[in-house]
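What follows is a short report on a single structure.
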């Protein structure tokens, strides 16, 4: 009896070590292909899994929570070692997460979090939207170095959390720097065409020579605004400083061509940190923190943007 | 049928007044509104922006006016814009000449229109449902063409259609004015306009009177698809890329609104393309007002809807009649007849 218990106990402790290596199977429930960034996240997750020799089972939920719950149940039935979940909405996950917990399958949330008890998932890997805005603001504060600067802002879709948080972060960074003033702020709906239209009106309402910098909540709007600035006979990146967020390939190209100054990366590599955490967990039972913040890397003209563009352009953005 | 100048003027007078009022509001909010300068050989100014940015809705409302005149509606124009933009972008990035790409996009747009026309005229599906099919499916088709990305291109010929100029004037302005003038001439200098109105008023009797309503209906929807395709190419050329998710999103509603502000009845019958085009300019002037006002974006939709509501209330038959009555009584002119364009057709009366 004693021997049996010892054997069993050692088997239980050995089991994770054995599965941690090449034969690990992980299920990934992706929201769907809602944006270029999402497509890039899927590509990078596949690459990360392949590099680690992990068998990745991929399920596309086509923006429906019921599909994600079905996918999770099927992962549990297949007895995968872990589950990556990019939740489409925040609520309604408790039951299926409990089922995963009962089956002792750790769940890692990617990019977004859920309204469920923290004990139901291993960790969440997300970016900090406020921090992204903060990095953008800090860059601008350093760049103008105390000189007076009138800033125009292209907001994301009104009421969306990236728009609210990226605005908040930027304003926090500008606090206490009276030389910087946001003179116009309007929504460009995260799209190129609306970014261009709104920038046109900014240029006319303020006069192009009176605008010193543009802060856009995403790169697409900045790319649209660059065209508007060019059509107004000004040089984007020189006459008007441009900083935006996301670091999509076209933004790297614009920086490489000197038409944009900085972009903050919303990395599509959420899976890398997630898989690192899972490996550590399976190897020696290290519990990761409940929130793993991805790096919000700042890209400026000092980086080799042409190379980054070449690397990123085939990720599916 | 050929309209004489005074009656055309009388027809579009309310739209002209509203446009003048909205433009005046723009001047109040931003005194430099009417300034026009030339930068790098390009006319530059807020008024030009209104004409330029109004191009997609103006193009859409040319076709939409005709469809609505036949008692129909086309909800798919926004999606057709996305399809056409994606087609043009993918053809031009495959190395085709920009004219080929443009023709390809227009052809695809017309095919979309033919499909709608087939559903409405041959299968007799209600227009709002028939075109809803393509409204939903169209964006998916566009995404299939672009493979879910923003398909960018650098062909100067295609870009000139959206962002370029001809003798200093932005190309989109010239395109919509030319197409609008062409359409107005086609419907008013021939019997075409009257035939379209006849279908809208009473299709059964128009058929009995010898009008081939089926062919005409299909042609009208194809024309709408063509207009939408042109708008889609302009929008894509403007940002040098086809954005299948966002190109033309909700623009079908703006186009319908432009037709309504133009004083056209959604119940079909009499129509005026010129008034619809003025409606499109009114909507764009309202958009410009919102942008220039510098109000926080949370107010955008509220301001727009309040202004549109005011415009529609002023245009409503009741208020129009009231104004007429007041004027008549103060001038002691007896017959308090409502303005002629508000007279209901027999069919509408029966509703």
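The values are calculated or read from the model by the stated rules, or taken from the named source; none is laboratory data. A quick note: this is a predicted structure, and the numbers were derived from the prediction, not measured. Cβ coordinates were reconstructed from backbone atoms using ideal geometry, including for glycine residues, and neighbour counts include every protein chain displayed.
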* Asked: Which one is farthest from the other protein chains (Cβ to nearest Cβ) among residues in the range B:264-280 that are surrounded by fewer than 24 Cβ atoms within 10 Å (Cβ to Cβ) and over 20 Å from residue B:131 (Cβ atoms)?
  -> B:270
* Scan the range A:270-286 residue by residue and report those that are crowded, with 20+ Cβ neighbours inside 10 Å and touching a helix residue (DSSP H, G or I) at 6+ places or on another chain (Cβ under 8 Å). => A:270, A:271, A:275, A:282
* To do: Evaluate the range A:208-227: report whether one residue or more is in contact with a helix residue (DSSP H, G or I) (Cβ under 9 Å, 6 or more places away or on another chain), surrounded by fewer than 24 Cβ atoms within 10 Å (Cβ to Cβ) and farther than 14 Å from residue A:152 by Cα.
  => yes
* Of all residues in the range B:21-39 being under 26 Å from the mean Cα position of the chain (by Cα), within 14 Å of chain A (Cβ to nearest Cβ) and part of a helix (DSSP H, G or I), which is nearest to residue B:290 (Cα to Cα)? -> B:26
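What about residue B:104, is it farther than 26 Å from residue B:252 by Cα, in contact with a helix residue (DSSP H, G or I) (Cβ under 9 Å, 6 or more places away or on another chain) and either crowded, with 17+ Cβ neighbours inside 10 Å or more than 14 Å from chain A (Cβ to nearest Cβ) (or both)?
no
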* Report yes if some residue within the range A:243-255 is more than 20 Å from the chain's Cα centre (by Cα), under 21 Å from residue B:169 (Cα atoms) and crowded, with 24+ Cβ neighbours inside 10 Å; otherwise report no. => no
* Whichever residue in the range A:136-161 is surrounded by 21 or more Cβ atoms within 10 Å (Cβ to Cβ) and under 17 Å from the mean Cα position of the chain (by Cα) and, among such residues, is modelled with the lowest pLDDT -> A:156
* To do: Looking for whichever is assigned to a helix (DSSP H, G or I) and more than 14 Å from chain A (Cβ to nearest Cβ) here; the options are B:50, B:57, B:129. Which one fits?
  => B:129
* Asked: Right, residue B:292: modelled with pLDDT under 95, assigned to a helix (DSSP H, G or I) and either in contact with a strand residue (DSSP E or B) (Cβ under 6 Å, 6 or more places away or on another chain) or more than 18 Å from residue A:224 (Cα to Cα) (or both) or not?
  -> yes
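This table checks each residue for (1) loosely packed, with under 11 Cβ neighbours inside 10 Å; (2) at pLDDT below 95.
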position	(1), (2)
A:3	yes, yes
A:12	yes, yes
A:19	no, yes
A:24	no, yes
A:69	no, no
A:80	no, no
* Counted residues, the range A:88-110 - those being over 21 Å from residue A:286 (Cβ atoms), under 16 Å from the mean Cα position of the chain (by Cα) and crowded, with 23+ Cβ neighbours inside 10 Å -> 0
* Read through the list (1) at the interface with chain B (Cβ under 9 Å from one of its Cβ atoms); (2) surrounded by fewer than 24 Cβ atoms within 10 Å (Cβ to Cβ); (3) touching a strand residue (DSSP E or B) at 6+ places or on another chain (Cβ under 6 Å), then give the number of the only condition that residue A:202 fails. => (2)
* **Of residues in the range B:235-250 being surrounded by fewer than 24 Cβ atoms within 10 Å (Cβ to Cβ) and under 17 Å from the mean Cα position of the chain (by Cα), the one farthest from the other protein chains (Cβ to nearest Cβ)** => B:250
* **Matching residues in the range B:281-310 - criterion: being more than 11 Å from every other protein chain (Cβ to nearest Cβ) and in contact with a helix residue (DSSP H, G or I) (Cβ under 8 Å, 6 or more places away or on another chain)** => B:281, B:282, B:283, B:285, B:286, B:303, B:304, B:307, B:308
